[in-house]
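Here the structure is laid out as structure tokens; the discussion comes afterwards.
The values are calculated or read from the model by the stated rules, or taken from the named source; none is laboratory data. Because the structure is predicted, anything quoted here is derived from the model rather than measured. Don't worry about glycine lacking a Cβ; one is built from the backbone with ideal geometry, like all the others, and counts go over all protein chains shown. Side chains included, ligands, DNA and RNA excluded: accessible areas come from the protein's heavy atoms. Shrake-Rupley method; radii C 1.70, N 1.55, O 1.52, S 1.80 Å.
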Amino acid sequence: MADRDPDCIFCAIVAGEAPAEIVDSDERTVTLMDINPATKGHALVIPRRHSEDLLAIDDDDLAACAIAARRVVRRMEEALDPDGFNLLNAARVAAWQTVFHFHIHVIPRYEDDPLKLPWIPRGADMDEISAIAATIREGQ
Ligand code: AMP
Ligand code: ZN
């Protein structure tokens, strides 16, 4: 994959050809405000180089995005005084990905914000969990 995808909105933002509120950047990453924020301060950390998703991004870009996400969290802690944070990545359509340039959502959380846990915790069948764990381990 080339560093840039000509049809990608986040690549256009990295290139300075599309508008964005950029709040942090380094040689590998850019962090911009999400245009449809879930909470006050919702931002997106993206690699400068185009990678479609978590499966495609290389280790160095992924590490740089993780480090940038924590840097932004620390900055938001000072600037916004939130009560907590979620980091979220969506990989592929089934997992809610809508922009196919890897990104980590940095979502400051507030005691009175409207967000809900996106899954319903259920009782565990330990035999099933063990069997799935074995399948995952075999894939190593
Ligand atoms: P996802 O569903 O995980 O792929 O998240 C994509 C996110 O990108 C959504 O939260 C959108 O609101 C956000 N988004 C899409 N286009 C832009 C844009 N031009 N500038 C900033 N955020 C954007
Ligand atoms: Zn891109």
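Extension gain for Arg71 to Asn86 (0.36 nm times residue separation, less C-alpha to C-alpha distance): 4.0 nm. Backbone phi angles across segment 108-119, fed through the Karplus curve with coefficients 6.51, -1.76 and 1.60 (θ = phi - 60°), yield HN-Hα couplings of x, 10, 10, 3, 9, 6, x, 6, 10, 4, x, 9 Hz in residue order; Gly and Pro are listed as x.
So for segment 76-139, considering every pair of alpha-carbon atoms, how many percent are separated by more than 20 Å? Result: 57 percent of Cα pairs exceed 20 Å. Heavy-atom accessible surface of Val14, to the nearest 10 Å², is about 40 Å², with a 1.4 Å probe and all protein chains retained. May I ask you to give the percent of accessible area on the chain that is carbon plus sulfur, with a probe radius of 1.4 Å? Within the chain, the accessible surface is 54 percent carbon and sulfur. The angle between the Cα long axis of helix 126-138 and the main principal axis of the chain comes to about 60°, on a 0 to 90 degree scale.
Scanning the chain for chymotrypsin sites (Phe, Trp or Tyr not before Pro) in DSSP loops with at most 14 other Cβ atoms within 10 Å, what's the longest stretch left with none? Numbers along the way, then the final one.
Details: sites that count: Trp96, Trp119.
Longest run free of exposed loop sites: 1-95.
A simple spin-label model places pseudo-atoms 7 Å from Cα toward Cβ; at Ile9 and Tyr110 they are separated by 2.4 nm. Rounded to the nearest whole Hz, the Karplus-based 3J(HN,Hα) values (6.51 cos²θ - 1.76 cosθ + 1.60, θ = phi - 60°) of segment 9-22 follow the sequence 5, 6, 4, 5, 5, 4, 7, x, 9, 9, x, 6, 8, 8, with x at glycine and proline.
222 nm [θ] for the chain, helices only, -39500 (n - 2.57) per DSSP H run of 4+, per residue, to 500? It comes out at -9500 deg cm²/dmol, rounded to the nearest 500. Using only Cα atoms, find the angle between the long axis of helix 59-80 and the longest principal axis of the chain, and express it within 0 to 90 degrees, rounded to the nearest 10. On a 0 to 90 degree scale, this one is about 70.
Taking loop as defined by DSSP and a crowding limit of 14 other beta carbons within 10 Å, which GluC sites (Glu not before Pro) in segment 17-77 fit?
Here the GluC sites (Glu not before Pro) that fit, given the DSSP loop and packing criteria, are Glu17, Glu21, Glu27.
Only Lys, Arg, Asp and Glu carry charge here, each on its Cβ (+1 for the first two, -1 for the last two); on that basis segment 9-113 has a dipole of about 140 debye about its Cα centre.
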